[in-house]
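Accompanying notes for the structure given below.
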């Protein structure tokens, strides 16, 4: 499927692409009055109205992780039945894509559940699986604190080792490159996750911080939704959907075919996941960019 990207009025971009503070999407008062999305989140938490945040499910816990400089590092929805995130959401811009520190390897339990240890996954390996980062360590190098937060156990998903490093990494590497290329005024919004409903490959037994055992689902598929807004007035989106398995082929031709074959429109991704991505984006942008994609618009595809 192919479609040309949307060219936004520069007057809109001047308002929409404001600084990287945590309330930047909330400050677009004049835009929101005339260009709203009827399905936008109504949460009292202003972070839920940021453009990277999907439509919230009230049955899940909405968790935000900020750094000391006031930046929202990433957010997630935690499903306490699956003991796995529904999604993680974050953004890149010319501040958040900076590479100032290295990998911390400071694994930790998520402090959100300090008062509910029955849901707080203790630090441990996942027997038979990698602890697959959803928000990658390499995606959050603008501060040590930001990197440490990516090692929270709620940000982990049980992944086949080869899938994690070779195949899913093909997509993650491209998205990270797009994020790192953000210049002043550019923003890349990312939502990532794995299927946790009936499309799972069993579960892995884990220990909580109060000594209980819980089962975390093993997703059968992983997905990424990406929305790009550029300072030059362009908006575009693309989705990815990949089966969780070892494909047993690491040739460059196969990997290229795999990543291109995994691409889809955001609308198609919404049908597969049941998640309303980018629900806070004004309808006239969302409806255009989510219906199709153009591979040639995305470097490295």
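How many residues are over 24 Å from residue 267 (Cβ atoms), in a loop (DSSP other than H, G, I, E, B), touching a residue at least 60 places away in the same chain (Cβ under 8 Å) and in contact with a strand residue (DSSP E or B) (Cβ under 9 Å, 6 or more places away or on another chain) when one looks only at the range 34-77?
Residues in the range 34-77 being over 24 Å from residue 267 (Cβ atoms), in a loop (DSSP other than H, G, I, E, B), touching a residue at least 60 places away in the same chain (Cβ under 8 Å) and in contact with a strand residue (DSSP E or B) (Cβ under 9 Å, 6 or more places away or on another chain): 1 in total.
With 272, 260 as the choices, which residue is out of contact with any helix residue (DSSP H, G or I) (no Cβ under 7 Å at 6 or more places or on another chain), surrounded by fewer than 18 Cβ atoms within 10 Å (Cβ to Cβ) and within 20 Å of residue 175 (Cβ to Cβ)?
Values: 260 fails: out of contact with any helix residue (DSSP H, G or I) (no Cβ under 7 Å at 6 or more places or on another chain).
Step by step, each of 272, 260 is checked, and only 272 is out of contact with any helix residue (DSSP H, G or I) (no Cβ under 7 Å at 6 or more places or on another chain), surrounded by fewer than 18 Cβ atoms within 10 Å (Cβ to Cβ) and within 20 Å of residue 175 (Cβ to Cβ).
I'm told residue 127 meets every condition in (1) under 16 Å from the mean Cα position of the chain (by Cα); (2) closer than 24 Å to residue 248 by Cβ; (3) surrounded by fewer than 20 Cβ atoms within 10 Å (Cβ to Cβ) except one. Can you identify the failing condition by its number?
(1)
Checking residue 163 against (1) within 16 Å of the chain's Cα centre (by Cα); (2) not in a loop (DSSP other than H, G, I, E, B), only one condition comes out false. Which one?
With (1) within 16 Å of the chain's Cα centre (by Cα); (2) not in a loop (DSSP other than H, G, I, E, B) applied to residue 163, the lone miss is (1).
Answer with yes or no whether residue 164 is surrounded by fewer than 20 Cβ atoms within 10 Å (Cβ to Cβ) and free of Cβ contacts under 8 Å to residues at least 40 places away in the same chain.
Working: surrounded by fewer than 20 Cβ atoms within 10 Å (Cβ to Cβ): no; free of Cβ contacts under 8 Å to residues at least 40 places away in the same chain: yes.
Criteria not met by residue 164.
Select from the range 280-297 the residues that are outside any helix (DSSP H, G or I) and in contact with a helix residue (DSSP H, G or I) (Cβ under 9 Å, 6 or more places away or on another chain) and write down the one among them that is surrounded by the most Cβ atoms within 10 Å (Cβ to Cβ). Walk me through it before giving the result.
Taking the range 280-297 as the starting set, the residues that turn out to be outside any helix (DSSP H, G or I) are 280-282, 290-294.
With the extra rule that they be in contact with a helix residue (DSSP H, G or I) (Cβ under 9 Å, 6 or more places away or on another chain), the set shrinks to 280-282, 290-293.
Numbers: 280: 23, 281: 26, 282: 20, 290: 23, 291: 14, 292: 18, 293: 24.
Within the range 280-297, the match that is surrounded by the most Cβ atoms within 10 Å (Cβ to Cβ) is 281.
Surrounded by fewer than 17 Cβ atoms within 10 Å (Cβ to Cβ), under 20 Å from residue 164 (Cα atoms), out of contact with any strand residue (DSSP E or B) (no Cβ under 7 Å at 6 or more places or on another chain) and in contact (Cβ under 8 Å) with a residue 24 or more places away in the chain: is that true of residue 246 in this structure? Talk me through it step by step, then tell me what you get.
Working: surrounded by fewer than 17 Cβ atoms within 10 Å (Cβ to Cβ): yes; under 20 Å from residue 164 (Cα atoms): yes; out of contact with any strand residue (DSSP E or B) (no Cβ under 7 Å at 6 or more places or on another chain): yes; in contact (Cβ under 8 Å) with a residue 24 or more places away in the chain: yes.
Yes, satisfied.
If residue 222 meets every condition in (1) surrounded by fewer than 22 Cβ atoms within 10 Å (Cβ to Cβ); (2) on the phi < 0 side of the Ramachandran plot; (3) touching a strand residue (DSSP E or B) at 6+ places or on another chain (Cβ under 6 Å) apart from one, which number is that one?
For residue 222, the exception is condition (1).
So which of 227, 206, 188 is in contact with a helix residue (DSSP H, G or I) (Cβ under 6 Å, 6 or more places away or on another chain) and crowded, with 20+ Cβ neighbours inside 10 Å?
Working: 227 fails: in contact with a helix residue (DSSP H, G or I) (Cβ under 6 Å, 6 or more places away or on another chain); 206 fails: in contact with a helix residue (DSSP H, G or I) (Cβ under 6 Å, 6 or more places away or on another chain).
After applying the criteria, what remains is 188.
Taking the options 124, 118, 86, name whichever one is farther than 26 Å from residue 245 by Cα and touching a residue at least 24 places away in the same chain (Cβ under 8 Å).
Numbers: 124 fails: farther than 26 Å from residue 245 by Cα; 86 fails: farther than 26 Å from residue 245 by Cα.
Unique residue meeting the criteria: 118.
Taking residue 85, is it under 30 Å from residue 156 (Cα atoms), within 20 Å of the chain's Cα centre (by Cα) and modelled with pLDDT of 95 or more?
Yes, satisfied.
Is it the case that the range 115-137 has a residue that's in contact with a strand residue (DSSP E or B) (Cβ under 6 Å, 6 or more places away or on another chain), modelled with pLDDT of 95 or more, farther than 22 Å from residue 213 by Cβ and not in a strand (DSSP E or B)?
Checking the range 115-137: at least one residue is in contact with a strand residue (DSSP E or B) (Cβ under 6 Å, 6 or more places away or on another chain), modelled with pLDDT of 95 or more, farther than 22 Å from residue 213 by Cβ and not in a strand (DSSP E or B).
The values are calculated or read from the model by the stated rules, or taken from the named source; none is laboratory data. What you are looking at is a predicted structure, and each value in this text was computed from that prediction instead of being measured. No Cβ is skipped: glycine too gets one built from the backbone with ideal geometry, and neighbour counts run over all protein chains shown.
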